[in-house]
1. Quick one: give the max-minus-min coordinate of the C-alpha atoms of the chain along each principal axis, largest first, in Å.
2. Report the gain in length on full extension from residue 171 to residue 128: 0.36 nm times residue separation, minus Cα-Cα distance, nm rounded to one decimal.
3. Packing-wise, with mean Cβ within 10 Å as the measure, how do 231-239, 36-44 rank, highest first?
4. Can you give me the three principal axis dimensions of segment 226-268 from its C-alpha atoms, in Å, biggest first?
5. Give me Rg over Rh for segment 112-182, both radii from the alpha carbons and Rh done the Kirkwood way, two decimal places.
6. Quick one: helix 336-352 against the long Cα principal axis of the chain, what's the angle to the nearest 10°, folded into 0 to 90?
7. With r defined as the distance between the Cβ atoms of residue 274 and residue 89 and R0 fixed at 51 Å, what FRET efficiency is calculated, to the nearest 0.05?
8. Based on the Kirkwood radius over alpha-carbon pairs, what is the Stokes-Einstein translational diffusion coefficient of segment 59-144 at 37 °C with 0.692 mPa s viscosity, in µm²/s?
């Protein structure tokens, strides 16, 4: 917690104790132990006027933890305060770039993609190549901006940013940054339809996750590997990987992330011809993610899987309700690809109800949204 610069009553700040608590919070954050991070910082009182460097680090650390806890409003408010503080003359452009990057991450989590792209771009403008501190911020900004471009279906820009992030991370010998950027390369390759290349990147990223001891990201990669294995026709391996992902998420206390593994299992079972099991798993995933606005894509995907599971059980009216819920979430996400998937699913439901005009209109809307040639 950052105290105002001017206070009517005050107690002496024990800077040594604050530094020790902050160091502990930063270690917890590095291990993705977000709730513990926030709890440790609750007892840290740092006046920005006399210890601006500590105050900025506290703001950054608490904002990052609250962002991953899904407390987006609180995280964004902390990032705004950090950006204002970083404008002080005691800080340099790298500090200001980091503040912009972290605010951009919060914006992206809140599905404000265009604003996030602008913030990441400004962070990159402030940090010309050269110097470990600047390059670390650059790698992070490139990697997160790649996520934005993927949502906007600008695949070349997304791939370029992800590759830039990998190159910088390798030059820094920062295994964790390299892992995150390589994972993004995998996601982009899969979205572009190259499952084998995506698998190569995901396997390498998992090796890096094991090397740096990031078990939560390892769990995410196991989940991704499961989906890729299924796409490549390795169903048994896919189920084993996703189950391992789920177990690891629970072991590290990442319940919200565990829902991604549940949702992936639901998709696998649906495609394998087990719609009742898929329905049960999709509902479970949705129960875990209820109210999490930082998981719009996963919530929407779970609604899609649930709807398709219901459709496979000859329950088209119920399926339409789930597809509509997915469409609402994807509109907030701002992803054309996701919206097109929802419209296609709705078209399938109307076709099942023998309303071919409605089905055709939805199929056409999806096709037009995805086409790149407009004139």
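Values in this text are rule-based calculations from the coordinates and carry no lab data. Everything quoted here is computed from the prediction, not taken from an experiment. Backbone-built Cβ (ideal geometry, glycine too); neighbour counts: all protein chains shown.
1. 73, 42, 39
2. Net length gain for the segment: 14.0 nm.
3. Values: 231-239: 14.9, 36-44: 18.8.
Per-residue mean Cβ counts within 10 Å order the peptides as 36-44, 231-239.
4. Projected onto its principal axes, the Cα set of segment 226-268 covers 31, 14, 11 Å.
5. Values: Rg = 11.3 Å, Rh = 11.8 Å.
Radius of gyration relative to Kirkwood radius: 0.96.
6. 30 degrees
7. After rounding to 0.05, the efficiency reads 0.20.
8. Numbers: Rh = 12.6 Å.
Rounded, D is 261 µm²/s.
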